[in-house]
Amino acid sequence: MESGFLTFILISSLAVYSSHVGMSDSEWNDVVVAREGSPTILVCTDTNRGSVAINWMVKPLGVRQWKLLLSANDRKEFSGGSLKDSMRLSDPEFGESGDFSLFFLPTMEDSGFYLCMIKQAGRTVKEKIILLAILKVIPAPPILQYATLRLIATVSPDFAVTKITWAAPGGVSMRSEKHPKFGTVAKLPQVQNSDSGAYVCMVHPWGNSSKALFAFNVDVSVEADKVASFTNITHGPLISTGTLAHTSFPLTCPAVQGDYVLLYWLPPDSKKQNNMKVVFTYDRWRGSTLLTEQSKRLQLAGPPHDGGPYICEVFLNDNTFSQRTLLSVLKVKTKRLSSKLELGCVYSELSQVQSATWKHENQSRRLRMISSGPGSITTVVPLPITSDTAGNYTCTLQLKNGQTVLATHTVTLPPEESVSVTTPSLLPCLSALLLLVPLVAVAVSVLLWRQKHISDRGESSGVFSFLTAFRVQSDVVQLTSSGGVVMNLQEVEDDVYKELEAGKQKALHHL
(Lines give C-alpha, C1' and ligand atoms only; values in the text may rest on other atoms or scores of the structure.)
Protein backbone atom coordinates (compact mmCIF):
# COMPACT_ATOMS: atom_id res chain seq x y z
CA MET A 1 0.00 0.00 0.00
CA GLU A 2 2.87 2.38 0.79
CA SER A 3 4.42 1.90 -2.64
CA GLY A 4 1.07 2.70 -4.23
CA PHE A 5 0.81 5.86 -2.14
CA LEU A 6 4.29 7.07 -3.18
CA THR A 7 3.47 6.37 -6.81
CA PHE A 8 0.34 8.51 -6.42
CA ILE A 9 2.44 11.39 -5.03
CA LEU A 10 4.95 11.37 -7.88
CA ILE A 11 2.30 11.10 -10.59
CA SER A 12 0.27 13.87 -8.97
CA SER A 13 3.31 16.11 -8.73
CA LEU A 14 4.17 15.68 -12.39
CA ALA A 15 0.57 16.26 -13.40
CA VAL A 16 0.35 19.46 -11.38
CA TYR A 17 3.60 20.80 -12.81
CA SER A 18 2.60 20.10 -16.40
CA SER A 19 -0.84 21.69 -16.02
CA HIS A 20 0.38 24.97 -14.42
CA VAL A 21 3.79 25.56 -15.97
CA GLY A 22 2.40 28.31 -18.22
CA MET A 23 0.43 30.09 -15.47
CA SER A 24 0.78 33.86 -15.24
CA ASP A 25 1.77 35.39 -11.90
CA SER A 26 -1.41 37.46 -11.96
CA GLU A 27 -3.65 34.38 -11.79
CA TRP A 28 -4.58 33.50 -8.24
CA ASN A 29 -7.71 32.80 -6.26
CA ASP A 30 -6.82 34.57 -3.05
CA VAL A 31 -4.26 36.91 -1.51
CA VAL A 32 -2.99 36.44 2.01
CA VAL A 33 -0.79 38.99 3.76
CA ALA A 34 1.12 37.61 6.72
CA ARG A 35 3.50 39.29 9.09
CA GLU A 36 7.00 37.91 9.13
CA GLY A 37 7.45 35.38 11.93
CA SER A 38 3.78 35.42 12.96
CA PRO A 39 1.52 32.32 12.92
CA THR A 40 -0.14 32.14 9.51
CA ILE A 41 -2.83 29.89 8.07
CA LEU A 42 -3.42 29.47 4.35
CA VAL A 43 -7.09 28.55 4.31
CA CYS A 44 -8.27 25.73 2.04
CA THR A 45 -11.58 23.94 2.72
CA ASP A 46 -13.87 21.60 0.81
CA THR A 47 -17.20 19.88 1.28
CA ASN A 48 -15.95 16.46 0.17
CA ARG A 49 -15.48 14.00 3.00
CA GLY A 50 -14.12 10.53 3.41
CA SER A 51 -11.17 9.21 1.44
CA VAL A 52 -9.57 12.36 0.14
CA ALA A 53 -5.96 13.40 -0.49
CA ILE A 54 -4.35 16.83 -0.17
CA ASN A 55 -1.27 18.20 -1.93
CA TRP A 56 0.30 21.51 -0.91
CA MET A 57 2.82 22.94 -3.38
CA VAL A 58 4.79 26.18 -3.63
CA LYS A 59 6.13 28.24 -6.53
CA PRO A 60 8.55 30.94 -5.33
CA LEU A 61 8.55 34.33 -7.04
CA GLY A 62 10.39 34.29 -10.34
CA VAL A 63 10.28 30.50 -10.57
CA ARG A 64 8.07 28.63 -13.04
CA GLN A 65 8.20 25.20 -11.40
CA TRP A 66 5.97 24.03 -8.57
CA LYS A 67 7.64 22.26 -5.64
CA LEU A 68 6.01 19.85 -3.25
CA LEU A 69 5.55 20.88 0.36
CA LEU A 70 3.50 18.00 1.70
CA SER A 71 1.00 15.39 0.58
CA ALA A 72 -1.39 13.42 2.74
CA ASN A 73 -4.47 11.23 2.72
CA ASP A 74 -6.55 9.78 5.48
CA ARG A 75 -3.82 7.25 6.33
CA LYS A 76 -0.41 8.75 5.54
CA GLU A 77 1.42 12.11 5.26
CA PHE A 78 4.48 12.71 3.10
CA SER A 79 6.81 15.69 3.37
CA GLY A 80 8.32 17.24 0.26
CA GLY A 81 11.77 18.76 -0.06
CA SER A 82 10.46 22.34 0.29
CA LEU A 83 8.65 21.75 3.56
CA LYS A 84 9.64 24.12 6.39
CA ASP A 85 9.98 23.02 9.99
CA SER A 86 6.96 25.00 11.09
CA MET A 87 4.66 23.75 8.29
CA ARG A 88 1.83 21.38 9.08
CA LEU A 89 -1.81 20.80 8.30
CA SER A 90 -4.10 22.78 10.57
CA ASP A 91 -6.40 19.78 11.16
CA PRO A 92 -5.00 16.24 10.97
CA GLU A 93 -8.59 14.98 10.68
CA PHE A 94 -9.13 16.87 7.42
CA GLY A 95 -11.03 13.93 5.92
CA GLU A 96 -13.82 14.47 8.43
CA SER A 97 -13.68 18.25 8.91
CA GLY A 98 -12.99 19.29 5.31
CA ASP A 99 -10.30 21.70 6.57
CA PHE A 100 -7.14 21.29 4.48
CA SER A 101 -5.48 24.56 5.59
CA LEU A 102 -1.72 24.94 5.95
CA PHE A 103 -0.15 26.40 9.09
CA PHE A 104 3.41 27.78 9.38
CA LEU A 105 5.60 30.71 10.55
CA PRO A 106 6.67 32.45 7.33
CA THR A 107 9.81 34.46 6.62
CA MET A 108 10.32 37.05 3.88
CA GLU A 109 11.71 34.26 1.64
CA ASP A 110 8.44 32.32 1.89
CA SER A 111 6.46 34.78 -0.23
CA GLY A 112 5.10 33.37 -3.47
CA PHE A 113 2.29 31.19 -4.83
CA TYR A 114 0.84 28.28 -2.88
CA LEU A 115 -1.35 25.58 -4.43
CA CYS A 116 -3.92 23.58 -2.51
CA MET A 117 -5.03 20.53 -4.58
CA ILE A 118 -7.69 18.17 -3.24
CA LYS A 119 -8.22 14.77 -4.90
CA GLN A 120 -10.85 12.13 -4.39
CA ALA A 121 -11.10 8.78 -6.17
CA GLY A 122 -8.21 9.72 -8.45
CA ARG A 123 -9.66 12.97 -9.72
CA THR A 124 -9.07 16.58 -8.72
CA VAL A 125 -12.07 18.03 -6.92
CA LYS A 126 -10.56 21.40 -5.96
CA GLU A 127 -7.60 23.63 -6.77
CA LYS A 128 -6.88 26.91 -5.03
CA ILE A 129 -3.92 29.17 -5.71
CA ILE A 130 -2.99 31.58 -2.94
CA LEU A 131 -0.58 34.47 -3.33
CA LEU A 132 1.23 34.86 -0.03
CA ALA A 133 2.69 38.31 0.65
CA ILE A 134 4.94 38.75 3.66
CA LEU A 135 4.84 41.97 5.66
CA LYS A 136 7.92 43.16 7.46
CA VAL A 137 7.53 45.91 10.03
CA ILE A 138 10.58 47.47 11.59
CA PRO A 139 9.85 46.92 15.26
CA ALA A 140 9.63 50.03 17.37
CA PRO A 141 11.77 49.57 20.48
CA PRO A 142 11.12 51.73 23.50
CA ILE A 143 11.56 55.25 22.18
CA LEU A 144 12.81 58.32 24.03
CA GLN A 145 10.65 61.37 24.58
CA TYR A 146 10.85 64.03 21.85
CA ALA A 147 12.50 61.56 19.48
CA THR A 148 11.02 60.62 16.10
CA LEU A 149 8.96 57.43 15.92
CA ARG A 150 9.55 55.61 12.62
CA LEU A 151 7.14 52.94 11.42
CA ILE A 152 8.30 51.22 8.23
CA ALA A 153 6.38 48.48 6.43
CA THR A 154 7.48 46.48 3.38
CA VAL A 155 5.59 43.73 1.56
CA SER A 156 7.06 41.04 -0.66
CA PRO A 157 6.00 40.87 -3.42
CA ASP A 158 4.99 44.53 -3.64
CA PHE A 159 2.61 43.89 -6.56
CA ALA A 160 0.37 41.94 -4.20
CA VAL A 161 -0.87 45.11 -2.49
CA THR A 162 -2.28 48.43 -3.66
CA LYS A 163 -1.27 50.47 -0.64
CA ILE A 164 -0.24 50.41 3.01
CA THR A 165 -1.70 52.82 5.54
CA TRP A 166 -1.05 53.51 9.20
CA ALA A 167 -3.32 54.50 12.06
CA ALA A 168 -2.36 55.86 15.47
CA PRO A 169 -3.98 54.72 18.72
CA GLY A 170 -7.65 55.57 18.64
CA GLY A 171 -7.91 54.97 14.89
CA VAL A 172 -6.47 58.34 13.86
CA SER A 173 -5.10 58.15 10.30
CA MET A 174 -1.41 58.90 9.91
CA ARG A 175 0.36 60.39 6.95
CA SER A 176 2.54 57.86 5.16
CA GLU A 177 4.93 57.97 2.22
CA LYS A 178 6.13 55.19 -0.05
CA HIS A 179 9.84 54.95 -0.78
CA PRO A 180 11.23 52.55 -3.40
CA LYS A 181 14.02 51.36 -1.11
CA PHE A 182 12.42 51.44 2.32
CA GLY A 183 8.73 50.70 1.79
CA THR A 184 5.87 52.66 3.31
CA VAL A 185 6.99 55.00 6.08
CA ALA A 186 4.97 56.76 8.76
CA LYS A 187 6.62 59.00 11.32
CA LEU A 188 5.70 60.81 14.47
CA PRO A 189 8.20 63.50 15.52
CA GLN A 190 8.54 64.83 19.05
CA VAL A 191 6.75 61.89 20.66
CA GLN A 192 5.62 62.07 24.27
CA ASN A 193 4.21 59.62 26.78
CA SER A 194 0.72 60.13 25.41
CA ASP A 195 1.87 58.72 22.05
CA SER A 196 2.35 55.23 23.48
CA GLY A 197 -0.09 52.54 22.41
CA ALA A 198 -1.05 50.18 19.60
CA TYR A 199 -0.43 51.46 16.08
CA VAL A 200 -2.13 49.66 13.22
CA CYS A 201 -0.56 48.82 9.87
CA MET A 202 -3.26 48.20 7.25
CA VAL A 203 -2.33 46.39 4.04
CA HIS A 204 -4.76 46.62 1.11
CA PRO A 205 -4.38 43.62 -1.26
CA TRP A 206 -4.58 43.80 -5.03
CA GLY A 207 -6.65 41.53 -7.22
CA ASN A 208 -8.62 38.53 -5.99
CA SER A 209 -8.71 38.49 -2.22
CA SER A 210 -11.15 37.24 0.37
CA LYS A 211 -10.34 40.21 2.60
CA ALA A 212 -10.43 43.92 1.82
CA LEU A 213 -7.48 44.63 4.09
CA PHE A 214 -5.14 43.01 6.58
CA ALA A 215 -4.54 44.83 9.86
CA PHE A 216 -1.51 44.31 12.09
CA ASN A 217 -0.89 45.87 15.49
CA VAL A 218 2.47 47.41 16.35
CA ASP A 219 2.92 48.23 20.02
CA VAL A 220 4.90 51.38 20.79
CA SER A 221 6.10 52.49 24.21
CA VAL A 222 7.70 55.85 25.03
CA GLU A 223 10.21 56.07 27.86
CA ALA A 224 8.75 58.25 30.58
CA ASP A 225 12.05 59.26 32.20
CA LYS A 226 14.40 59.54 29.22
CA VAL A 227 14.61 62.46 26.79
CA ALA A 228 16.25 62.31 23.38
CA SER A 229 19.25 64.53 22.70
CA PHE A 230 20.09 65.53 19.15
CA THR A 231 23.86 65.84 19.04
CA ASN A 232 24.39 65.26 15.32
CA ILE A 233 23.86 68.86 14.14
CA THR A 234 24.90 70.26 10.76
CA HIS A 235 25.26 74.06 10.75
CA GLY A 236 24.86 76.13 7.60
CA PRO A 237 26.83 79.35 6.95
CA LEU A 238 25.61 82.45 8.79
CA ILE A 239 23.30 84.67 6.74
CA SER A 240 23.70 88.37 7.50
CA THR A 241 21.07 90.50 5.80
CA GLY A 242 18.61 93.35 6.15
CA THR A 243 15.21 94.42 4.90
CA LEU A 244 12.72 97.27 5.02
CA ALA A 245 9.88 97.29 7.49
CA HIS A 246 6.54 96.05 6.15
CA THR A 247 8.05 94.21 3.22
CA SER A 248 7.92 90.48 2.54
CA PHE A 249 11.06 88.72 3.72
CA PRO A 250 11.56 84.93 3.34
CA LEU A 251 13.65 83.34 6.07
CA THR A 252 16.04 80.65 4.86
CA CYS A 253 15.85 77.12 6.29
CA PRO A 254 18.13 74.15 5.51
CA ALA A 255 17.38 72.55 2.14
CA VAL A 256 16.30 69.27 3.69
CA GLN A 257 12.89 67.64 3.52
CA GLY A 258 12.78 66.97 7.20
CA ASP A 259 10.19 65.70 9.62
CA TYR A 260 9.91 68.70 11.90
CA VAL A 261 10.81 72.40 11.74
CA LEU A 262 11.52 74.73 14.65
CA LEU A 263 12.15 78.46 14.27
CA TYR A 264 13.77 80.33 17.14
CA TRP A 265 13.98 84.11 17.53
CA LEU A 266 15.86 86.41 19.85
CA PRO A 267 14.91 90.11 20.10
CA PRO A 268 17.51 92.31 18.40
CA ASP A 269 20.49 93.64 20.31
CA SER A 270 19.81 91.30 23.23
CA LYS A 271 22.56 90.91 25.76
CA LYS A 272 21.50 87.39 26.74
CA GLN A 273 21.98 85.15 23.72
CA ASN A 274 20.52 82.06 25.40
CA ASN A 275 16.95 83.35 25.72
CA MET A 276 15.74 82.41 22.24
CA LYS A 277 12.01 81.82 21.90
CA VAL A 278 10.21 79.32 19.67
CA VAL A 279 8.09 81.42 17.31
CA PHE A 280 7.13 78.85 14.68
CA THR A 281 6.85 75.06 14.43
CA TYR A 282 5.80 72.81 11.59
CA ASP A 283 5.18 69.06 11.75
CA ARG A 284 5.21 67.57 8.25
CA TRP A 285 3.73 64.27 9.36
CA ARG A 286 0.99 65.58 11.59
CA GLY A 287 0.34 68.44 9.16
CA SER A 288 0.20 70.90 12.04
CA THR A 289 1.59 74.39 12.50
CA LEU A 290 2.06 76.29 15.73
CA LEU A 291 1.84 80.07 15.44
CA THR A 292 2.86 82.57 18.08
CA GLU A 293 2.35 86.31 18.18
CA GLN A 294 5.81 86.76 16.70
CA SER A 295 5.40 84.16 13.94
CA LYS A 296 2.22 85.81 12.67
CA ARG A 297 4.47 88.57 11.28
CA LEU A 298 7.10 86.32 9.75
CA GLN A 299 5.77 86.76 6.24
CA LEU A 300 5.75 90.53 6.67
CA ALA A 301 8.63 92.19 8.49
CA GLY A 302 7.21 94.57 11.04
CA PRO A 303 8.92 97.30 13.06
CA PRO A 304 12.70 97.18 13.57
CA HIS A 305 12.29 95.22 16.79
CA ASP A 306 11.27 92.24 14.63
CA GLY A 307 14.89 91.97 13.52
CA GLY A 308 17.51 89.97 15.37
CA PRO A 309 18.87 86.43 15.20
CA TYR A 310 16.65 83.70 13.75
CA ILE A 311 17.59 80.02 13.87
CA CYS A 312 15.72 77.53 11.68
CA GLU A 313 16.23 73.90 12.69
CA VAL A 314 15.07 70.99 10.54
CA PHE A 315 14.92 67.54 12.14
CA LEU A 316 15.26 64.40 10.02
CA ASN A 317 15.18 61.17 12.01
CA ASP A 318 18.06 61.52 14.50
CA ASN A 319 19.82 64.32 12.61
CA THR A 320 19.45 68.09 12.94
CA PHE A 321 20.19 70.75 10.33
CA SER A 322 20.51 74.35 11.51
CA GLN A 323 20.53 77.70 9.69
CA ARG A 324 21.16 81.00 11.48
CA THR A 325 20.05 84.35 10.02
CA LEU A 326 20.99 87.74 11.43
CA LEU A 327 18.35 90.25 10.32
CA SER A 328 18.34 94.04 10.52
CA VAL A 329 15.05 95.84 9.85
CA LEU A 330 15.10 99.46 8.63
CA LYS A 331 12.26 101.96 8.93
CA VAL A 332 11.82 105.72 8.30
CA LYS A 333 9.75 107.83 10.69
CA THR A 334 8.70 111.47 10.26
CA LYS A 335 7.83 114.11 12.83
CA ARG A 336 6.51 117.57 11.84
CA LEU A 337 7.11 120.44 14.22
CA SER A 338 6.28 124.13 13.86
CA SER A 339 9.63 125.06 12.34
CA LYS A 340 11.08 121.83 11.02
CA LEU A 341 10.41 118.36 9.68
CA GLU A 342 12.38 115.57 11.35
CA LEU A 343 13.24 112.48 9.28
CA GLY A 344 14.23 109.59 11.53
CA CYS A 345 15.92 106.40 10.41
CA VAL A 346 15.66 103.55 12.92
CA TYR A 347 17.25 100.13 12.51
CA SER A 348 17.97 97.01 14.55
CA GLU A 349 20.67 94.39 15.21
CA LEU A 350 23.52 96.85 15.57
CA SER A 351 26.12 94.08 15.82
CA GLN A 352 26.15 93.72 12.03
CA VAL A 353 25.70 97.41 11.09
CA GLN A 354 28.71 99.31 9.73
CA SER A 355 27.08 102.73 9.26
CA ALA A 356 23.82 104.59 8.66
CA THR A 357 23.59 107.88 6.75
CA TRP A 358 21.04 110.29 5.25
CA LYS A 359 21.48 111.68 1.74
CA HIS A 360 19.50 114.09 -0.42
CA GLU A 361 18.91 113.49 -4.12
CA ASN A 362 20.97 116.63 -4.69
CA GLN A 363 24.36 115.22 -3.83
CA SER A 364 25.80 118.71 -3.33
CA ARG A 365 23.50 119.30 -0.36
CA ARG A 366 25.12 118.38 2.91
CA LEU A 367 22.71 117.19 5.56
CA ARG A 368 23.09 117.69 9.26
CA MET A 369 22.56 114.40 11.08
CA ILE A 370 22.04 113.73 14.75
CA SER A 371 21.64 110.51 16.72
CA SER A 372 19.19 110.18 19.56
CA GLY A 373 20.67 106.83 20.59
CA PRO A 374 21.87 103.48 19.23
CA GLY A 375 19.95 102.37 16.16
CA SER A 376 18.64 105.82 15.26
CA ILE A 377 19.82 108.67 13.04
CA THR A 378 17.85 111.85 12.24
CA THR A 379 18.12 114.68 9.76
CA VAL A 380 16.15 117.94 9.86
CA VAL A 381 14.37 119.74 7.00
CA PRO A 382 13.53 123.42 7.78
CA LEU A 383 9.99 124.63 7.25
CA PRO A 384 8.54 125.90 5.05
CA ILE A 385 9.63 123.49 2.33
CA THR A 386 11.32 125.14 -0.62
CA SER A 387 12.33 123.90 -4.03
CA ASP A 388 15.85 123.41 -2.66
CA THR A 389 14.82 121.31 0.34
CA ALA A 390 12.12 119.28 -1.43
CA GLY A 391 12.96 115.94 -3.04
CA ASN A 392 13.99 112.41 -2.08
CA TYR A 393 15.80 111.75 1.19
CA THR A 394 17.43 108.31 1.41
CA CYS A 395 18.63 106.52 4.51
CA THR A 396 21.38 104.02 3.66
CA LEU A 397 22.14 101.20 6.07
CA GLN A 398 25.54 99.66 5.41
CA LEU A 399 26.15 96.18 6.87
CA LYS A 400 29.57 94.83 7.75
CA ASN A 401 29.36 92.24 4.98
CA GLY A 402 28.95 95.00 2.38
CA GLN A 403 25.20 94.67 1.89
CA THR A 404 23.16 97.88 1.85
CA VAL A 405 19.52 98.53 2.69
CA LEU A 406 17.88 101.73 1.39
CA ALA A 407 14.78 103.55 2.63
CA THR A 408 13.58 106.64 0.76
CA HIS A 409 11.19 109.36 1.91
CA THR A 410 9.92 112.06 -0.47
CA VAL A 411 9.45 115.62 0.78
CA THR A 412 7.11 117.61 -1.47
CA LEU A 413 6.35 121.28 -1.87
CA PRO A 414 3.08 122.49 -0.38
CA PRO A 415 0.28 122.86 -2.97
CA GLU A 416 0.05 126.65 -2.66
CA GLU A 417 3.68 127.06 -3.65
CA SER A 418 3.53 124.69 -6.57
CA VAL A 419 0.61 126.53 -8.24
CA SER A 420 2.12 130.00 -7.85
CA VAL A 421 4.82 129.33 -10.40
CA THR A 422 4.31 131.23 -13.69
CA THR A 423 5.57 129.41 -16.75
CA PRO A 424 6.13 130.82 -20.27
CA SER A 425 3.16 128.79 -21.49
CA LEU A 426 0.85 131.17 -19.56
CA LEU A 427 1.88 134.25 -21.51
CA PRO A 428 -0.25 133.69 -24.64
CA CYS A 429 -3.33 133.13 -22.50
CA LEU A 430 -2.67 136.22 -20.41
CA SER A 431 -2.09 138.28 -23.56
CA ALA A 432 -5.39 137.11 -24.97
CA LEU A 433 -7.07 138.05 -21.72
CA LEU A 434 -5.62 141.56 -21.85
CA LEU A 435 -6.92 142.04 -25.40
CA LEU A 436 -10.43 141.41 -24.11
CA VAL A 437 -10.28 144.32 -21.66
CA PRO A 438 -11.12 147.13 -24.21
CA LEU A 439 -13.92 145.03 -25.65
CA VAL A 440 -15.32 144.38 -22.21
CA ALA A 441 -15.18 148.08 -21.41
CA VAL A 442 -17.15 148.87 -24.57
CA ALA A 443 -19.61 146.08 -23.79
CA VAL A 444 -20.10 147.38 -20.26
CA SER A 445 -20.73 150.89 -21.58
CA VAL A 446 -23.37 149.55 -23.94
CA LEU A 447 -24.90 147.52 -21.13
CA LEU A 448 -25.03 150.57 -18.89
CA TRP A 449 -26.69 152.51 -21.69
CA ARG A 450 -29.12 149.57 -22.15
CA GLN A 451 -29.75 149.46 -18.43
CA LYS A 452 -30.77 153.10 -18.48
CA HIS A 453 -33.40 152.36 -21.12
CA ILE A 454 -34.55 149.24 -19.27
CA SER A 455 -34.94 151.13 -16.01
CA ASP A 456 -37.01 153.71 -17.87
CA ARG A 457 -39.36 150.83 -18.79
CA GLY A 458 -39.51 149.67 -15.16
CA GLU A 459 -37.45 146.46 -15.53
CA SER A 460 -35.67 145.26 -12.38
CA SER A 461 -32.50 143.52 -13.64
CA GLY A 462 -29.28 145.11 -12.36
CA VAL A 463 -26.08 145.68 -14.29
CA PHE A 464 -23.93 144.41 -11.43
CA SER A 465 -25.17 140.92 -12.01
CA PHE A 466 -23.64 141.11 -15.49
CA LEU A 467 -20.35 142.33 -14.17
CA THR A 468 -19.95 139.01 -12.36
CA ALA A 469 -19.64 137.30 -15.73
CA PHE A 470 -15.84 137.37 -15.43
CA ARG A 471 -15.74 136.44 -11.77
CA VAL A 472 -12.54 134.41 -11.64
CA GLN A 473 -12.17 131.44 -9.33
CA SER A 474 -9.19 131.15 -7.04
CA ASP A 475 -7.81 128.40 -9.23
CA VAL A 476 -8.35 130.28 -12.46
CA VAL A 477 -5.00 129.13 -13.84
CA GLN A 478 -4.32 125.42 -13.57
CA LEU A 479 -1.46 123.44 -15.04
CA THR A 480 -2.64 120.14 -16.49
CA SER A 481 -0.67 116.94 -16.53
CA SER A 482 0.18 117.52 -20.18
CA GLY A 483 1.62 120.96 -19.46
CA GLY A 484 -1.34 122.89 -20.89
CA VAL A 485 -3.18 125.72 -19.23
CA VAL A 486 -6.84 125.71 -18.25
CA MET A 487 -8.73 128.95 -17.63
CA ASN A 488 -11.75 128.60 -15.39
CA LEU A 489 -14.45 131.24 -15.78
CA GLN A 490 -17.43 130.72 -13.57
CA GLU A 491 -20.76 131.26 -15.34
CA VAL A 492 -23.64 132.98 -13.57
CA GLU A 493 -27.36 132.85 -14.06
CA ASP A 494 -29.52 134.44 -16.81
CA ASP A 495 -27.12 133.40 -19.58
CA VAL A 496 -24.83 136.38 -18.98
CA TYR A 497 -22.33 135.41 -21.64
CA LYS A 498 -24.97 135.73 -24.31
CA GLU A 499 -25.87 139.18 -22.97
CA LEU A 500 -22.22 140.23 -23.06
CA GLU A 501 -21.83 138.96 -26.59
CA ALA A 502 -24.98 140.77 -27.70
CA GLY A 503 -23.84 143.96 -25.97
CA LYS A 504 -20.44 143.73 -27.64
CA GLN A 505 -22.02 143.34 -31.08
CA LYS A 506 -24.29 146.39 -30.49
CA ALA A 507 -21.32 148.45 -29.38
CA LEU A 508 -19.36 147.53 -32.47
CA HIS A 509 -22.40 148.31 -34.60
CA HIS A 510 -22.69 151.79 -33.09
CA LEU A 511 -18.99 152.36 -33.64
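A few points about this structure:
- Residue within region 110-131 that is of a type in the set (S, T, N, Q) and closer than 30 Å to ASP225 by Cβ present: no
- Qualifying residue in region 299-310 (condition: modelled with pLDDT of 90 or more, surrounded by 18 or more Cβ atoms within 10 Å (Cβ to Cβ), touching a helix residue (DSSP H, G or I) at 6+ places or on another chain (Cβ under 8 Å) and within 17 Å of SER248 (Cα to Cα)): no
- Any hit, region 55-77, residues being modelled with pLDDT under 90 and touching a Lys or Arg at 6+ places or on another chain (Cβ under 6 Å): no
- Selection of region 70-115 for residues being small (Gly, Ala, Ser), touching a Pro at 6+ places or on another chain (Cβ under 7 Å) and part of a loop (DSSP other than H, G, I, E, B) yields only SER111.
- Residues satisfying the stated conditions in region 169-218, i.e. under 27 Å from TYR146 (Cβ atoms), out of contact with any Asp or Glu (no Cβ under 8 Å at 6 or more places or on another chain) and among the β-branched types (Val, Ile, Thr): VAL172, VAL191, VAL200, VAL218
- Scanning region 41-62 for residues that are surrounded by 20 or more Cβ atoms within 10 Å (Cβ to Cβ) and not in a loop (DSSP other than H, G, I, E, B) yields a total of 9.
- The selection criterion, being surrounded by 13 or more Cβ atoms within 10 Å (Cβ to Cβ), touching a Cys at 6+ places or on another chain (Cβ under 9 Å) and not acidic (Asp, Glu), does not hold for PHE230.
- Enumeration of residues in region 323-377 that are under 38 Å from the mean Cα position of the chain (by Cα) and of a type in the set (Phe, Trp, Tyr): TYR347
- In region 142-180, residue farthest from GLY258 (Cα to Cα) [restricted to those that are buried (at least 19 other Cβ atoms within 10 Å of the Cβ) and small (Gly, Ala, Ser)]: ALA160
- Residue that is nearest to the chain's Cα centre (by Cα), among those in region 132-141 that are buried (at least 18 other Cβ atoms within 10 Å of the Cβ) and over 30 Å from ASP225 (Cβ atoms): LEU135
- Answer residue from region 408-431, given it is aliphatic (A, V, I, L, M) and at pLDDT 90 or above and is nearest to HIS246 (Cα to Cα) among those: VAL411
- Taking the criterion of being among the small types (Gly, Ala, Ser), more than 30 Å from LEU151 (Cβ to Cβ) and surrounded by fewer than 16 Cβ atoms within 10 Å (Cβ to Cβ), the only residue of region 241-267 that qualifies is SER248.
- Scope region 355-370; condition assigned to a strand (DSSP E or B) and either more than 29 Å from PRO414 (Cβ to Cβ) or among the hydrophobic types (A, V, I, L, M, F, W, C) (or both); matching residues: SER355, ALA356, TRP358, MET369, ILE370
- Cβ-Cβ under 6 Å pairs, at least 6 apart or on other chains, region 359-370 side of a type in the set (Val, Ile, Thr), far side exposed (fewer than 13 other Cβ atoms within 10 Å of the Cβ): none
- Top-ranked residue of region 334-353 - restricted to ones that are over 30 Å from PRO414 (Cα atoms) and polar (S, T, N, Q), ranked as surrounded by the most Cβ atoms within 10 Å (Cβ to Cβ): SER348
- Only one of the numbered conditions (1) within 23 Å of the chain's Cα centre (by Cα); (2) free of Cβ contacts under 8 Å to residues at least 12 places away in the same chain is not met by SER229, and that is (1).
- Selection count, region 385-415, where residues are closer than 29 Å to SER328 by Cα, surrounded by 14 or more Cβ atoms within 10 Å (Cβ to Cβ) and of a type in the set (A, V, I, L, M): 6
- Scanning region 373-407 for residues that are in contact with an Asp or Glu (Cβ under 9 Å, 6 or more places away or on another chain), among the polar types (S, T, N, Q) and under 19 Å from THR243 (Cβ atoms) yields one hit, THR394.
The values are calculated or read from the model by the stated rules, or taken from the named source; none is laboratory data. Keep in mind it's a predicted model, so treat the numbers as computed, not measured. Ideal geometry is used to build each Cβ from the backbone, glycine not excepted, and the neighbour counts take in all protein chains shown.
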